[in-house]
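Presented below is the structure to which this report refers.
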């Protein structure tokens, strides 16, 4: 019992150590997320959904698809790792799963080099996953190692510059911070669509307690957009969809709220004088927040199709006004 307890404790210590490396401020947030998803084995690889006889790596077609095969054993992956800015023989790194492989790899580097290494690893993993999805979604797509290698070099260089610039701002200007995730609890969703069938998944993470949960769903569908919507639907029981339109100095907006737990829904509309399609989208969100306040909803998701507005809210900054016309044009084109 003592040996078993000691082994389990060491395993937890390694896991906590890896998470501390991944969520380091010198690792770009986007790379932290892909690293966490790969190391937590929550990506929808074939071994999770397909029967053994039907599960084949879509890239090399030489073995069943699993996270450790796709990212560390597949011939395409090993070629990409070995020709990366930090050349690595990933197939020779010990580990029964990707969490162990990444931990053992990082342990072999000096601590001062680990953030740069993890940014590089994150880009490689992201490129492998994107390539896998392209192959899976299109029978005509043929991955080109040389082109993707160039993408890896370009993205790693850009990431290093972004991270250094943000760290410099954080050190030199009080109150400014690097772009880290500002909450301890969040949910990541993703969906895929092929041949009339959708698959979707959500992963919820509580960084404070280092706990995570996952949920998947699949069924008949009509589009990739529906797959993404289904992913959002399984991530929350209460959400509000909003939309706005603008024409000739007048805006109109609407919201639809749904409580899946009770299978109840509500709607609300508003209109008035305005100046842009972006203002119409903002009015729609304001209407939804006012309604949620009156209903005493304190945990819900707002769904909006305004990319400019969503990014502005996420960044907690006013939207770039020079993009307003682009969004208005897009709205008009969508209405026609």
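Return the residue satisfying two criteria in turn: it lies in segment 309-336 and is in a helix (DSSP H, G or I) and surrounded by 18 or more Cβ atoms within 10 Å (Cβ to Cβ), and of such residues it is modelled with the highest pLDDT.
Only one residue tops the list, namely 309.
Can you find a residue in segment 101-112 that is farther than 17 Å from residue 65 by Cβ, in contact with a helix residue (DSSP H, G or I) (Cβ under 7 Å, 6 or more places away or on another chain), assigned by TED's automatic domain parsing to the domain that holds residue 36 and not in a helix (DSSP H, G or I)?
yes
Given 273, 279, which one is in contact with a strand residue (DSSP E or B) (Cβ under 8 Å, 6 or more places away or on another chain), more than 20 Å from residue 296 (Cα to Cα) and buried (at least 19 other Cβ atoms within 10 Å of the Cβ)?
Within the list 273, 279, the selection yields 279.
Identify the residue in segment 41-64 that is in contact (Cβ under 8 Å) with a residue 24 or more places away in the chain and part of a loop (DSSP other than H, G, I, E, B) and, among all such residues, is surrounded by the most Cβ atoms within 10 Å (Cβ to Cβ).
Going through the qualifying residues, I end up with 45.
Would you call residue 118 in the same structural domain as residue 84 (by TED's automatic domain parsing) and free of Cβ contacts under 8 Å to residues at least 24 places away in the same chain?
When the stated conditions are applied, residue 118 does not pass them.
When you scan segment 115-125, do you find a residue that is modelled with pLDDT under 95, out of contact with any strand residue (DSSP E or B) (no Cβ under 6 Å at 6 or more places or on another chain) and assigned to a loop (DSSP other than H, G, I, E, B), even just one?
There is no residue in segment 115-125 that is modelled with pLDDT under 95, out of contact with any strand residue (DSSP E or B) (no Cβ under 6 Å at 6 or more places or on another chain) and assigned to a loop (DSSP other than H, G, I, E, B).
Output the number of the condition that residue 244 fails; it satisfies all remaining conditions of (1) at pLDDT below 80; (2) under 26 Å from residue 318 (Cβ atoms).
So the condition that residue 244 fails would be (1).
Counting only residues that are without any contact (Cβ under 8 Å) to a residue 60 or more places away in the chain and surrounded by fewer than 16 Cβ atoms within 10 Å (Cβ to Cβ), which one in segment 290-308 is nearest to the chain's Cα centre (by Cα)?
This residue is 307.
For residue 68, which of the numbered conditions (1) in a loop (DSSP other than H, G, I, E, B); (2) within 23 Å of the chain's Cα centre (by Cα); (3) under 18 Å from residue 131 (Cβ atoms) fails to hold?
Condition not satisfied by residue 68: (1).
Among the residues that make up segment 76-91, is at least one of them surrounded by fewer than 21 Cβ atoms within 10 Å (Cβ to Cβ), over 21 Å from residue 145 (Cβ atoms) and more than 25 Å from the chain's Cα centre (by Cα)?
Checked against the condition, which is being surrounded by fewer than 21 Cβ atoms within 10 Å (Cβ to Cβ), over 21 Å from residue 145 (Cβ atoms) and more than 25 Å from the chain's Cα centre (by Cα), segment 76-91 yields no hits at all.
Residue 222: surrounded by fewer than 17 Cβ atoms within 10 Å (Cβ to Cβ), modelled with pLDDT under 70 and farther than 23 Å from residue 59 by Cα, yes or no?
In short, no.
The values are calculated or read from the model by the stated rules, or taken from the named source; none is laboratory data. Owing to the predicted nature of the structure, the values given are computational and were not obtained by experimental measurement. Ideal geometry is used to build each Cβ from the backbone, glycine not excepted, and the neighbour counts take in all protein chains shown.
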